[in-house]
Structures are given as structure tokens and as C-alpha cells.
Amino acid sequence: MSAARNPIPEANARVADAPSGNWVYRVLPRALWPHAQLARWDRPIGWQLLMWPCFWSAALAANVASAPTNIDTVWFPALTLWHLFLFMTGAIAMRGAGCTWNDLVDHKIDAKVARTRSRPLPSRRISRMAATAFLVIQALVGLIVLIQFNWFSILLGISSLAIVAIYPFAKRFTDWPQFFLGLAFSWGALMGWAAIFGELAWPPVLLYAGAIAWTIGYDTIYAHQDKEDDALVGVRSTARLFGDNTKIWLVVFYGIFTAMAAAAFVLTGVAWPAFAGLAIAVALLAWQIKVIDIDDADQCLKLFKANSHVGLIVFLGLIAALFV
């Protein structure tokens, strides 16, 4: 019998862990909902967290390139704005491609977890062939974005694909899949600098290390939502590893983030607003540690999402430093 005669019920066409009022369900035709859900367009927090290290690195590089001692460096505000647009577009495309790849790899596990069994593949609202084709399209968009940069940045961006490919399997062989996510999600901390200078230096490397630690922290909070189901199906995570000691580990990883970011700022000699922005961001991270209840899934999700504010504040501090 045709799909038109047996339409998917409204509730069954959505996913359990996304807001029902999202623009995806108001604007897109129902036939595209599974694609949007695969790419997590109805959950923008992912691409935002992928984007912020790119923005930090680009803004940090802009501070260095615009310094009086670097007057020979080819840098214009318009160039940085163009790079920010490219990084945002690339973050949306590659986060979507990464999530689609993750769902293709994990569809059997997702079918056993309450929060994820409503996703398009385990609920059979999209075929694996269609999902694979959509993955290719998103990857091509990411490639188009990447080739707008210099050759060093292009090669650097391509080299991150190995980490992206490995990440979905990490939960099967290590208690530290969040570390692999950090390696992938923080890559932009290298890209922003490379896009302007065509090389790397210690400041972006330190920023990358700090962003990895930040990612481990916030994704540990996120993973606490699924720890019971993960234990049942054998999925490993830092949430399960840290358990009741999660607050202590958050202090460690958020502390590493603070130290690495501050060191990158010191090495580049950025003005005081960058440090002020970092201080405010660190205060928000401290607040997360203070209030977190690892057994409250709803609160864990809210605290996880609050990290986009952390990323924004660090970026705004670096932008403000350009005008001092």
C-alpha cells in the first residue's frame, strides 16, 4: 500500500531528542525530514560547537596579522569575515556528514538506546542507500568550502578525515571516545590560523589541545544522558568511566582548556579583552561543574548546550581585542 495512503504519524516522523518546534518541521517538506534529522539540522548545537574552535583560531590569527609588527602580512577584515562564513558553512556541512556517517555505523546500537531509536535509520524512515547518498552530498559541500583556502589548509583539512572516520568506532574499543571526538571537533583550532598564515605555530597547537580538553568535558556531560542504556548494550564512554568522579574530571579538563587557551593568548600577545572573555567563559564552566547532577538527563543536556555560550564569549573577547 502506498505511503500516501499510510502516512507516517506526526509523532513517529520526529526524533526523541530534538525540539518539535524546530524550523525543520515548519519549513521543510516531510520527505526531507529524515535527511535533516540525519544531519542534525534540528539540533544546531553540534555544528556550533564544531564552529567555535574555527572562529577562535581565525580571530586569534587576525589579532596577530593586524599587529603593527606584521604590517607586511596580507590581511584585511573582509578576508576574516569571508573565512568566518566559510567556517560556519563547513561546520554545518561536515557536522551533518559526520552525524550521517555515525548513524550509518551505529544504526544497530541506536535501535537499542531509548534516546536514539527514533532516528531515521533505526526507525527505517530512510534507507541506507539514501543516507549514503546524502552523506556524499554533504561531504562535497564541505570539499567546496575547503578548496576556497590555501593549499596548506586544504591538506590540513583533508588529514582530519581519518579521525572523523574512526570516531564512530571508538566507543567499541576505548573508554575515551570523547577524546576522539575532541580530536575531530577541535580541528578548526588549527584551520583558522592556517587559513591566514599558510602554516602552523605554537598558539594554534595550544588552542587545539585546549579545545580537545573542552570537548572531552562537555561531551562527558552529554554522555551521562545515555549511561544506563550504554551499559546495557556495551557502549563505552568517559561518563561511564568517570562515574561519580565526573566533577573532579571536569575540573581537570576544563582546567587544561583554560591553561592552553591562556598560553596561546600570551604567546600571541593579544589585548586584554581576549583574556576577559576567557575569564567569563571559565566562570561559566565553573558554574557547570558546581550545579551538575549526573543523574538528571535533562539538566545534562542543558549544560551541554550551554557550552555554545562559552564558545561565543571566547570568540567575542578575541574580536574585541582587535579594536584595542
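Determine which single condition L181 fails, assuming it passes every other condition in (1) without any contact (Cβ under 8 Å) to a residue 60 or more places away in the chain; (2) buried (at least 23 other Cβ atoms within 10 Å of the Cβ); (3) under 16 Å from L267 (Cβ atoms).
(3)
Please find, among V252, V164, V205, the residue that is assigned to a helix (DSSP H, G or I), of a type in the set (A, V, I, L, M), out of contact with any Ser or Thr (no Cβ under 6 Å at 6 or more places or on another chain) and in contact (Cβ under 8 Å) with a residue 60 or more places away in the chain.
One residue alone meets the criteria, V164.
Just one of A209, A231 is closer than 24 Å to W52 by Cβ and either more than 20 Å from the chain's Cα centre (by Cα) or modelled with pLDDT of 95 or more (or both); which is it?
Matching residue, one of A209, A231: A209.
Here is a list of conditions, (1) of a type in the set (A, V, I, L, M); (2) part of a helix (DSSP H, G or I); (3) in contact with an Asp or Glu (Cβ under 9 Å, 6 or more places away or on another chain), and A195 meets all of them except one; can you say which number that is?
Among (1) of a type in the set (A, V, I, L, M); (2) part of a helix (DSSP H, G or I); (3) in contact with an Asp or Glu (Cβ under 9 Å, 6 or more places away or on another chain), A195 violates only (3).
Yes/no matrix, rows are residues, columns are (1) modelled with pLDDT of 90 or more; (2) touching a Phe, Trp or Tyr at 6+ places or on another chain (Cβ under 6 Å):
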residue: A36; (1), (2): no, no
residue: D42; (1), (2): no, no
residue: A65; (1), (2): no, yes
residue: D72; (1), (2): no, no
residue: L79; (1), (2): no, no
residue: I92; (1), (2): yes, yes
residue: D103; (1), (2): no, no
residue: H107; (1), (2): no, no
residue: K112; (1), (2): no, no
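Kindly establish whether D298 is among the charged types (D, E, K, R), surrounded by fewer than 14 Cβ atoms within 10 Å (Cβ to Cβ) and assigned to a helix (DSSP H, G or I).
Judged against the criteria, D298 is a match.
How many residues does the stretch 136-175 hold that are buried (at least 17 other Cβ atoms within 10 Å of the Cβ) and over 19 Å from M51 (Cα atoms)?
3
The values are calculated or read from the model by the stated rules, or taken from the named source; none is laboratory data. A quick note: this is a predicted structure, and the numbers were derived from the prediction, not measured. Don't worry about glycine lacking a Cβ; one is built from the backbone with ideal geometry, like all the others, and counts go over all protein chains shown.
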